[in-house]
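Asker: One structure coming up, written as structure tokens, with questions to follow.
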Amino acid sequence: MSNNKYKILVCEDDKNIRSVVATVLETNGYQVITAGNCSEAEMMMVSYVPDLVILDLGLPDRDGTEFIRKTRSYSGVPILVLSARTDESDKIEALDIGANDYITKPFGMGELVARVRAALRTANTTSSGGYSEHFELNGMVIDYGRRHVTIDGNEIKLTQTEYNILAFMSRHSGQVMTYTNIINEIWGHADLNAIKKLQVNMANLRKKLGTKPGDNRFIINELGVGYRIQDPM
Ligand code: CA
């Protein structure tokens with residue numbers, strides 16, 4: 001499917017941001033429909049069935065998180081949240097209840113387009129059941145069938161948990177995974193020590209991948225939110 005077939009709903013009450021975002025997406029070959037509040041966006045979900053939603057959290061009629069809850073009750077459409085720095089806790093809540101990713105305002109247009117592309121691609125591989133068998137990024141190769149990881153051809157020995165974290169995140173490359181997303185996926189539930197356990201595993205994993213703090217070659221630390229594996233594009 002080519003880009004220009006994708007329909008994107010942009011829900012944002014700030015007219016300037018809305019029109020800039022719409023213009024950038026149209027320039028990149030997407031079809032754009034816009035809404036200025038939650039109820040308009042809900043109507044458009046039904047009438048236009050968009051392929052992706054870009055959602056501001058601070059909307060005049062209701063909170064954007066309400067839109068996410070409602071939409072998630074019937075649709076798996078990728079939702080990209082636009083958040084102001086002051087929305088920190090809303091942003092994490094939004095991701096935990098089913099938003100796929102977030103972009104913090106002010107954001108660069110290149111970043112926006114990259115996030116849209118990553119979210120659409122993950123949605124397509126998931127819905128077609130067609131996960132690829134390998135993941136490649138900066139010399140790292142994950143062989144999902146053999147549960148095997150190499151960097152520049154050298155095997156990296158990981159524990160089951162470390163592998164599971166890496167594989168899960170690579171399946172969603174380009175998108176942030178919150179602590180809760182990862183914990184639920186790997187351990188099935190969150191106990192009191194879950195975040196600590198995740199951080200320890202993540203530190204070991206990053207060490208085995210040969211990266212020091214601040215090195216974003218493989219795993220990016222999204223402070224206070226979670227982790228992201230770079231999108232190989
Ligand atoms: Ca707003």
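The values are calculated or read from the model by the stated rules, or taken from the named source; none is laboratory data. None of the values given here were measured: they were computed from a predicted structure. A quick note on method: Cβ atoms are made from the backbone with ideal geometry, for glycine too, and the neighbour counts reach across all protein chains shown. With ligands, DNA and RNA removed, areas are computed over all heavy atoms of the protein, side chains included. Shrake-Rupley method; radii C 1.70, N 1.55, O 1.52, S 1.80 Å.
Asker: Could you grab me the full set of residues in the stretch 27-53 that are open to solvent by less than 10 Å² (accessible area, probe 1.4 Å) and among the small types (Gly, Ala, Ser)?
Answerer: Passing the criteria: Ala35, Ala41.
Asker: Within the stretch 6-26, how many residues turn out to be touching a Gly at 6+ places or on another chain (Cβ under 9 Å) and either open to solvent by less than 10 Å² (accessible area, probe 1.4 Å) or over 17 Å from Leu80 (Cβ atoms) (or both)?
Answerer: Residues flagged as touching a Gly at 6+ places or on another chain (Cβ under 9 Å) and either open to solvent by less than 10 Å² (accessible area, probe 1.4 Å) or over 17 Å from Leu80 (Cβ atoms) (or both) within the stretch 6-26 amount to 3.
Asker: Is it the case, given these coordinates, that Lys212 is in contact (Cβ under 8 Å) with a residue 12 or more places away in the chain and either more than 22 Å from Met233 (Cα to Cα) or not assigned by TED's automatic domain parsing to the domain that holds Lys91 (or both)?
Answerer: No: the conditions fail for Lys212.
Asker: Just to confirm my filter: which helices (runs of 4 or more DSSP H) fall fully inside the stretch 158-233 and include at least 2 residues that are within 24 Å of Ala114 (Cα to Cα)?
Answerer: Output list reads 160-171, 179-187.
Asker: Okay, moving on. Considering only the stretch 1-99, give the strands (runs of 3 or more DSSP E) lying wholly within it that have at least 3 residues that are within 15 Å of the ligand (Cβ to nearest atom).
Answerer: Here the list reads 52-56, 79-83.
Asker: Could you tell me whether any residue of the stretch 117-129 is more than 18 Å from the chain's Cα centre (by Cα) and free of Cβ contacts under 8 Å to residues at least 24 places away in the same chain?
Answerer: Yes, because at least one residue in the stretch 117-129 is more than 18 Å from the chain's Cα centre (by Cα) and free of Cβ contacts under 8 Å to residues at least 24 places away in the same chain.
Asker: May I ask you to list pairs of residues, at least six apart or on different chains, whose Cβ atoms are under 8 Å apart, with the first in the stretch 167-192 being basic (Lys, Arg) and the second being open to solvent by 60 Å² or more (accessible area, probe 1.4 Å)?
Answerer: What qualifies is Arg171/Tyr131.
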